Amino acid sequence: MEVKLEKKDADDWVYRGEGAANLVLAYSGSSPAFIGKVMRIPKVGRNAPSAVVQNQPVLTEQERLLWKEAKEMVASQNKDAVERFFTELVMGPLLGPKYVDAGVLVRVSGEFLKCIEEKVTRHRPSLRVDAAKVDVERDYVVIMSDHTVFPHGSSKRRPCISVEIKPKCGFLPLSSFIAEENAVKKYTTRFRMHQALKLNNKDISEISKYNPLDLFSGSKERIHKAIEDLFATPQNNFRVFLNGSLILGGLGGGTSKTNTITKQSFEDDLKGVIQPTKGSRTASFMQLIAETVHHSRVLDQLLDVQKLDHLDIEGAIHAYYNFLSRPCTVCMNLNEAKALHACKSLHSIPMDESLKIVKNYLIAATAKDCSMMISFVPTDDVDAGSQYSSVHMPSTNQKFTYKVNFIDLDLKRLKTIEDYYELDQKIVKCYSQVAGGDHRKCVPASTKNV
Ligand SMILES: O=P(O)(O)O[C@@H]1[C@@H](OP(=O)(O)O)[C@H](OP(=O)(O)O)[C@H](O)[C@H](OP(=O)(O)O)[C@H]1OP(=O)(O)O
Ligand SMILES: Nc1ncnc2c1ncn2[C@@H]1O[C@H](COP(=O)(O)OP(=O)(O)OP(=O)(O)O)[C@@H](O)[C@H]1O
Ligand SMILES: [Zn+2]
């Protein structure tokens, strides 16, 4: 019989966090079917209608063409099923199915969702509350494993510490379609440039020290530096959970830089988990994360998927207009010489090539926005038959079993390509103004010549 969550079940779910699009709750009840699970509920803008449109296909005709190989996705009539199939059928094979948990759909009543909306509001950051609310028109939510804990029974009641990293784009574009006046993009990370716009818009209070190129570098030292920088300025890129409770970073959004009080309380929280022979627990924990990111090589795969965007938005936008058979508004606004360059080569390619460029661009956009969760439990034995890997920490002489999962592998809609182009131009413009024309003085040493 199909399970349906009703109003009475709402008390068993507690606020865990949220991003721009979804609210996440963890299960605190006693039903074996939900222990160790989280629920992900889509949100809707305060004044926007529900994203669920009755009796209309979820995907546009062009999107159905784009994703035609994912047959179940294209055939689904339900928005939640379309998104779930995208994660499973498109992102799963690219990133490795063992790192991707698309979850299952569970039916919910409108009353259940209304109750959840009421009970979580006081835990949510006010900016998120003002922007969006639970979409109570949904019939389904996704239930998936809680990646801040190990599956029930497998951790022998040992403490579980997990880290969530939103790495963002890990490479510098090389595309010849990048306009000359935007050449700064070829030697400054998108993350760094976006920081300038975010600061300007007061979305953040200070520039993050984090450089994605360090995290994706494959060098243990640079990965370690990236972790230290994420720890110093977590924003919405870094969180740490102990047994499912947040101990560092912003709940439901970003946070400002880590101060002395936060550092001390974090150090205290690590007491039952990290036993250093010398130095602080925090330093050993950062080493553990760096060692694991390096050892697992899981970011290599993510980087390959991000690099499916090989033309940059300044190239992909032309293929997008080809694919929609619409006049290219970008070429219309370019001066003749530049338009000629872009139009000639891209507006004359076959339709299936345009489709491929657009499709790969959207897949890469998902890979640039997802997060990675790594969970650790201390262990004294290494079970050779275990499905998990393990890592040894010389500084604590401890062994940890770990698992890695990607989360937030959501479908990016076709129409967002126009927004991506606009935002890209805005970011470069703002960064160029801040840098006062001398871009290189804004580039951190480790991004130069990479
Ligand atoms: O465009 P970006 O790089 O700012 O990414 C957006 C994220 O901003 P960030 O810079 O990570 O703080 C943004 O995150 P926040 O809301 O800032 O936490 C969302 O992840 C957004 O995705 P979507 O609109 O929910 O599908 C993200 O939008 P997409 O570009 O991935 O569609
Ligand atoms: N499977 C999971 N296990 C544990 N925690 C999770 C899980 N999925 C999500 N979370 C928590 O909930 C938060 C919000 O989830 P998610 O990133 O999927 O939201 P989103 O709205 O899609 O994000 P974005 O703003 O990037 O679009 C995450 O940052 C993470 O802390
Ligand atoms: Zn064009």
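The values are calculated or read from the model by the stated rules, or taken from the named source; none is laboratory data. From a predicted model like this one, the values you see are computed outputs, not experimental measurements. Using ideal geometry, Cβ is built from the backbone for each residue, glycine included, and neighbour counts are taken over all protein chains shown. These accessible areas exclude ligands, DNA and RNA; they are computed on the full protein's heavy atoms, side chains included. Shrake-Rupley method; radii C 1.70, N 1.55, O 1.52, S 1.80 Å.
Can you pull out the GluC sites (Glu not before Pro) in the stretch 102-145 whose DSSP state is coil and whose Cβ has at most 16 other Cβ atoms within 10 Å? All intermediate terms of the calculation are to be shown ahead of the outcome.
On the way: sites: GLU111, GLU117, GLU118, GLU137; in loops: GLU137.
Those satisfying the criteria are GLU137.
Given the rule -39500 (n - 2.57) for each run of at least 4 DSSP H residues, summed and divided by the residues of the chain, what is its mean residue ellipticity at 222 nm, to the nearest 500 deg cm²/dmol?
Result for the chain: -11000 deg cm²/dmol, rounded to the nearest 500.
Quick check on the chain: of the DSSP beta bridges with both residues there, what percent are antiparallel, nearest 5%?
Working: 48 of 51 bridges.
Of the beta bridges lying entirely in the chain, close to 95 percent run antiparallel.
At 1.4 Å probe size, with the rest of the protein present, what percent of the exposed accessible area of the stretch 39-196 is carbon and sulfur atoms?
52 percent
At 1.4 Å probe size, with no ligands or nucleic acids counted, give the accessible surface of ARG190 in Å², nearest ten.
ARG190 exposes around 90 Å² with every protein chain in place.
Could you pull out the pairs from LYS198/LYS257; LYS133/LYS263; LYS344/LYS368; LYS356/LYS412 whose alpha carbons sit more than 26 Å apart here?
LYS133/LYS263; LYS344/LYS368
Measure up LYS168/LYS415; LYS225/LYS359; LYS7/LYS37; LYS71/LYS359 against 27 Å on the Cα-Cα distance and list the ones that go over.
Values: LYS168/LYS415 21 Å; LYS225/LYS359 34 Å; LYS7/LYS37 19 Å; LYS71/LYS359 15 Å.
Beyond 27 Å between Cα atoms: LYS225/LYS359.
Averaged per residue, what accessible surface does the chain expose to a 1.4 Å probe, in Å²?
48 Å²
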